[in-house]
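The values are calculated or read from the model by the stated rules, or taken from the named source; none is laboratory data. Bear in mind the structure is a predicted one, so any value in this text is a computation, not a measurement. Positions of Cβ are backbone-derived with ideal geometry, glycine not excepted, and every protein chain shown enters the neighbour counts.
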Amino acid sequence: MIGKIISGSLKGFSQILADPRLRRIFWRTLLLAVVAYVIAGGLAWLVIDYFLTFDVSWLPDSVVGWVRGILEASVFLGVFGLMWAIFPAVFTGLSSIFLDEAAAAVEARHYPLDKPGVEPAFWPSMRRTLQFTLLVIVINVLLLPLYLLGIFFPPLNLALYYGVNGYFLGREYFELVGYRHLDEGTVFTARRRNSTTVHLAGAAIALALTIPILNLFVPVAAAAMMVHVYKGLEQRGRIAGPVPGKSQV
């Protein structure tokens with residue numbers, strides 16, 4: 001399925017360029033992300049400013065300077081590292097408002113003979129998205145000491161970033177597509193049955209999110225890619241549910 005992940009990614013990016021419907025979704029997600037990160041940056045600055053003015057005058061004069069320096073560096077690295085670690089989850093969570101529409105556009109363009117997916121109910125879908133976003137943020141906060149340790153051992157950061165975010169991103173995007181066609185129990189079973197493929201797709205999404213400029217296109221392109229991955233698994237009989245009609249790609 002690696003070939004399907006690569007070809008699905010290329011089709012996703014090319015459809016953004018060619019399909020006005022996906023371009024509109026892209027601009028919406030981009031605007032939402034900019035607003036969210038301006039707010040997040042402002043909050044982060046308030047946190048940093050608080051710690052930078054933290055009173056350490058009670059310490060001996062001989063250590064005040066380097067203690068303040070350690071505090072400043074630690075807070076900066078901590079906030080920067082946390083924002084870097086949770087970027088995939090936050091961007092995906094914010095974009096998910098529009099991604100079902102993106103999945104529908106991909107299905108209509110590439111799989112017109114298949115039974116179209118049905119948009120999930122809004123509130124259950126929003127609840128799952130909020131749970132996903134909060135879970136990833138909490139896990140990355142708990143892993144922050146390891147991320148900081150990884151500054152001195154980069155392979156650790158790479159393993160954590162792609163391992164954790166790859167798992168959760170693969171899960172989120174697979175469920176985004178799956179809930180359009182299957183009930184909750186069947187989606188869970190299908191995801192577990194294809195866990196390696198789903199994790200690899202998630203790792204590819206996490207990798208793309210680390211590439212400047214390209215990462216802005218990722219939520220929409222990833223939704224498109226996962227539609228192709230899902231359809232590929234379905235054609236191989238690895239997704240439970242009604243047998244679809246013949247696909248046209």
- Query: When you scan the range 147-163, how many residues do you find that are part of a helix (DSSP H, G or I) and crowded, with 17+ Cβ neighbours inside 10 Å?
  - Reply: 5
- Note on the structure: With criteria (1) assigned to a helix (DSSP H, G or I); (2) modelled with pLDDT of 90 or more, residue 36 comes up short on (2)
- Across (1) exposed (fewer than 11 other Cβ atoms within 10 Å of the Cβ); (2) assigned to a helix (DSSP H, G or I); (3) touching a residue at least 12 places away in the same chain (Cβ under 8 Å), residue 123 clears everything bar (3)
- residue 77 passes all but one of (1) at pLDDT below 70; (2) surrounded by 13 or more Cβ atoms within 10 Å (Cβ to Cβ); (3) farther than 30 Å from residue 16 by Cβ; which number fails? (1)
- Looking at (1) of a type in the set (A, V, I, L, M, F, W, C); (2) crowded, with 19+ Cβ neighbours inside 10 Å; (3) assigned to a helix (DSSP H, G or I); (4) modelled with pLDDT under 95, which is the only condition residue 227 fails? (4)
- Message: I need the full set of residues from the range 166-224 which are among the β-branched types (Val, Ile, Thr) and part of a helix (DSSP H, G or I), in order please.
- Response: 177, 186, 187, 189, 196, 197, 198, 205, 218, 220
- Item | Boolean, residue 96 is in a helix (DSSP H, G or I), among the polar types (S, T, N, Q), modelled with pLDDT of 70 or more and in contact with a Pro (Cβ under 9 Å, 6 or more places away or on another chain) | yes
- Query: Does residue 136 meet the test of being surrounded by 22 or more Cβ atoms within 10 Å (Cβ to Cβ), among the β-branched types (Val, Ile, Thr), touching a residue at least 40 places away in the same chain (Cβ under 8 Å) and assigned to a helix (DSSP H, G or I)?
  - Reply: yes
- Note on the structure: Taking first residues from the range 14-33 that are in contact (Cβ under 8 Å) with a residue 60 or more places away in the chain and second residues anywhere that are hydroxyl-bearing (Ser, Thr, Tyr), the pairs with Cβ under 6 Å that are 6 or more apart or on different chains are 29/95
